[in-house]
Amino acid sequence: MKSTPMGMTGLFGRTGGLAAADQLALLRVLGLLLQLGLTLLGSDAFGLTLQPEPLWWVFGLESAYLALTLWLRHPLYRQSAGIFIALLLDTLFWISWLWFSGGATNAFISLLLVPIALAAVTLPAWGSWSLAALSTLAYSLMILSLPEGHIRHQGMDMSSHFLGMWLNFVVSALVLTTSVALISRRLRRQDTELGWLRENQLRQEQLLALGTASAQMAHQLATPLASLRLLLDEAMEEGLDAEAQVQMDQALSRCEVTLNELRRATESIRERRRQAVTLAALGQNMRQQLMLLMPEVDFSLTLPAGLTEREIITDASLLPALLALVDNAAKASLNNIGEPKVEIGFDSLGDTRLEINIKDYGRGIEAHLLGELGLMPVASRTGMGVAVLLSHASLEKLGGELVLHNGPQGCEARISLPLLPVSAIKGDAA
């Protein structure tokens, strides 16, 4: 089961108790206040050439638009398209303000870089590049529309000065759309990886707790099982009913075999012992364990002849993981059709992966549980999903993957494991 792909979760997380959507809205409000302040209080100080009537129209429209987007900010900023539209309109309002307050002669022309910077941080590459192209085009038109009197000021040719300012703007926009965007994407990727690591750590802690509890219970079961075996032997000597003898002996044998397997598996896993096993041997062991531990299960196991000699690297945890999935499938079939019927099929995915399909005839899994089963204990009408959780952890440790999906009838568990290369097998045989 794979983690979800990286999205915009980093943008909408909480930073210092203030949602990122609110932070972006605050920056946009400050931008409008800055425009008003420069227009009303700083025009003389900074030599702004104002056109009052168009500017008041710009401020009126921008205020109405800003109020609307502030009200809708959380649904608007959930998608990249919403953020891009907001920043695009912001850019157009900045261009309008600059155009009616001096154009290219406005000392604050570099404020056009603000929406580009926000896009570089919050949007994919296409967003920041689009705003950079729009702003560069607008700046170029402002320079081209400058009157001759501004270009030749007091006998000085200012064309090279304006060209240098334009080039500086283009270089700054390129830096924002490349370096800042790259750093932002890297940080978002790291946030996603950290989130996945935290989830994985929590899952490992749950598995450790389950493993500790299992080991304790296995230790506690050893003594009563031994006592029950002695009592059964005494009862058999005293002439216990034959059918009851068989049933009790089967039940005790199953418990004893499971306990011994658990001890051996625990020792093998602790010592990290792994070995190469042929698929023929794996299939044979699986058949034997099913007939011994689950004699009531009606199963079919299909292994193509071309795969019998292929090998996988495994340890003692693989077989119990597969048996747990088969047991779940048998119970699902029994509850639905009254028969514990399971189909097990081996197949190859190319030359490097083994696929094992375990299909039941149950009612399937609720859609809202499919994405959670195997990642955490999940309460459902049939249990807590602990067996799937443990199986998923065992397969993941071996480089495998478990995917559950509902078929036309019942649920299918698809297990993918790495196959040893054919050349490695031939080399060992030589």
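The values are calculated or read from the model by the stated rules, or taken from the named source; none is laboratory data. Note that this is a predicted model, so its numbers are computed, not measured. Quick reminder, even Gly has a Cβ in these numbers, built from the backbone with ideal geometry, and neighbours come from all protein chains shown. Surface accessibility is based on the protein's heavy atoms, side chains included, excluding ligands, DNA and RNA. Shrake-Rupley method; radii C 1.70, N 1.55, O 1.52, S 1.80 Å.
Could you give every pair whose Cβ atoms fall below 6 Å, whose first residue belongs to segment 341-352 and is free of Cβ contacts under 8 Å to residues at least 60 places away in the same chain, and whose second residue is open to solvent by 60 Å² or more (accessible area, probe 1.4 Å) and of a type in the set (S, T, N, Q), counting only separations of at least 6 or pairs across chains? Taking only residues 6 or more apart or on different chains, the pairs are Gly345/Thr302.
Is there a residue being modelled with pLDDT under 75 and open to solvent by 40 Å² or more (accessible area, probe 1.4 Å) anywhere in segment 89-96? Reasoning before the result, please.
Initially, segment 89-96 is screened for residues modelled with pLDDT under 75, giving none.
No: zero hits.
Here is the figure for segment 105-124: residues that are open to solvent by less than 40 Å² (accessible area, probe 1.4 Å) and farther than 18 Å from Val58 by Cα total 8. Inspect all residues belonging to segment 211-225 and state whether any of them is over 23 Å from Ser317 (Cα atoms), open to solvent by 80 Å² or more (accessible area, probe 1.4 Å) and at pLDDT below 75. Among the residues of segment 211-225, at least one is over 23 Å from Ser317 (Cα atoms), open to solvent by 80 Å² or more (accessible area, probe 1.4 Å) and at pLDDT below 75, which makes the answer yes. Could you tell me whether segment 57-68 includes any residue that is touching a residue at least 12 places away in the same chain (Cβ under 8 Å), crowded, with 17+ Cβ neighbours inside 10 Å and not in a helix (DSSP H, G or I)? So far as segment 57-68 goes, no, none of its residues is touching a residue at least 12 places away in the same chain (Cβ under 8 Å), crowded, with 17+ Cβ neighbours inside 10 Å and not in a helix (DSSP H, G or I).
Within segment 76-88, if we keep just the residues that are open to solvent by 50 Å² or more (accessible area, probe 1.4 Å) and part of a loop (DSSP other than H, G, I, E, B), the residue that is modelled with the highest pLDDT turns out to be Gln79.
Could you check, for segment 187-199, whether at least one of its residues is modelled with pLDDT under 75, under 30 Å from Arg263 (Cα atoms) and either open to solvent by less than 90 Å² (accessible area, probe 1.4 Å) or part of a helix (DSSP H, G or I) (or both)? Within segment 187-199, one or more residues are modelled with pLDDT under 75, under 30 Å from Arg263 (Cα atoms) and either open to solvent by less than 90 Å² (accessible area, probe 1.4 Å) or part of a helix (DSSP H, G or I) (or both). Where strands (runs of 3 or more DSSP E) sit wholly within segment 271-357, those with at least 3 residues that are touching a Ser or Thr at 6+ places or on another chain (Cβ under 8 Å) and surrounded by 16 or more Cβ atoms within 10 Å (Cβ to Cβ) occupy 341-349.
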